Amino acid sequence: MERTKMTLKDLAVSFHFPKFSTSRDFYKAFGCRVCMLLSYQMISVYQLYIVEDYVHQTKTEAAGTIATMSIITMVVSLTASLISGPISDKMHTHKVPVIIASLLFAIGTAMPWIMPSVTGMYLYAGIAGFGYGAYSAIDQALNVDVLPNKEEAGKGLGILNLATTLGQAVGPTITSVVKTTTGTYTPAFAISIVMAVCAAVFVLRIQKVK
């Protein structure tokens, strides 16, 4: 293959973000991922503390609850990952499954908010775990659909991975601030739900792909 010489200017240009005016769907997918990862990290990182302080279990009881939640999440996430891809392909759309997955995650997060009990946490693990598993399986395909330049797919996907890092960093920080200022995790559930719904709205507004 013919090779072209790369200059420092070419290298600098390669780090430019796509123009918003011509890449609106790309940035909507970016917003979806930020919101979804933020929503997920807000609760998942603090599960043990939520079970202890919000559900009021002892450390020993909380350890058993978290172990059960982990098993539930593993089973439903694997199941969602296996079935959501083929379903998405048969529906010939990536948007609809991602929207449904985001809303399922919001419903699952609402469970311990409505029921501050072990049952509520198990429902969270089952419903939210299924939603997040389906989201993880299809979101990357949606991201590929909205890349502004297929010849620079690596750069585009790298930028979208920044959304993952941003959500992972900001989510736990928000929960920490909420718990410190209010003394309870209750507002964190509300914020997490809003973020998951915002993720669905971002995807809904993507126009150029199904």
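The values are calculated or read from the model by the stated rules, or taken from the named source; none is laboratory data. In this text the structure is predicted, and so the values were computed from the model without any measurement. As a convention, Cβ positions derive from the backbone with ideal geometry for all residues, glycine included, and neighbour counts pool all protein chains shown. To get the accessible areas, we keep the full protein, side chains included, count just its heavy atoms, and leave off ligands, DNA and RNA. Shrake-Rupley method; radii C 1.70, N 1.55, O 1.52, S 1.80 Å.
Some notes on this structure:
- If only residues of the stretch 52-77 that are open to solvent by 40 Å² or more (accessible area, probe 1.4 Å) and not in a helix (DSSP H, G or I) are counted, the one that is farthest from Ala128 (Cα to Cα) is Thr58.
- Test: residue in the stretch 191-209 that is in contact (Cβ under 8 Å) with a residue 12 or more places away in the chain, in contact with a Pro (Cβ under 8 Å, 6 or more places away or on another chain) and part of a helix (DSSP H, G or I): no
- The condition (being within 23 Å of Phe202 (Cα to Cα) and free of Cβ contacts under 8 Å to residues at least 12 places away in the same chain) is satisfied by just one residue among Asn161, Asn143: Asn161.
- Close pairs from the stretch 82-103: first closer than 23 Å to Ser39 by Cα, partner assigned to a helix (DSSP H, G or I) and among the acidic types (Asp, Glu), Cβ under 7 Å, at least 6 apart: His94/Asp145; Val98/Asp139
Residues are listed down the side, and each one gets a yes or a no for (1) touching a Gly at 6+ places or on another chain (Cβ under 6 Å); (2) surrounded by 22 or more Cβ atoms within 10 Å (Cβ to Cβ):
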| site | (1), (2) |
| --- | --- |
| Thr79 | no, no |
| Val98 | no, yes |
| Ile114 | no, no |
| Ser136 | no, no |
| Leu147 | yes, no |
| Ile159 | no, no |
| Gln168 | no, no |
| Gly183 | no, no |
| Pro187 | no, no |
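- Scanning the stretch 189-210 for residues that are open to solvent by 50 Å² or more (accessible area, probe 1.4 Å) and over 18 Å from Trp113 (Cβ atoms) returns Val201, Phe202, Leu204, Arg205, Gln207, Lys208, Lys210.
- Flag for Ala137 being over 15 Å from the mean Cα position of the chain (by Cα), over 18 Å from Ile66 (Cβ atoms) and not acidic (Asp, Glu): no
- Counting only residues that are among the β-branched types (Val, Ile, Thr) and surrounded by fewer than 19 Cβ atoms within 10 Å (Cβ to Cβ), the stretch 116-131 holds 2 of them.
- Among the residues making up the stretch 39-51, those that are open to solvent by 60 Å² or more (accessible area, probe 1.4 Å) and more than 18 Å from Leu104 (Cβ to Cβ) are Val45, Leu48, Tyr49.
- Test: residue in the stretch 15-32 that is within 13 Å of Ile159 (Cβ to Cβ), out of contact with any Phe, Trp or Tyr (no Cβ under 8 Å at 6 or more places or on another chain), in a helix (DSSP H, G or I) and modelled with pLDDT of 70 or more: yes
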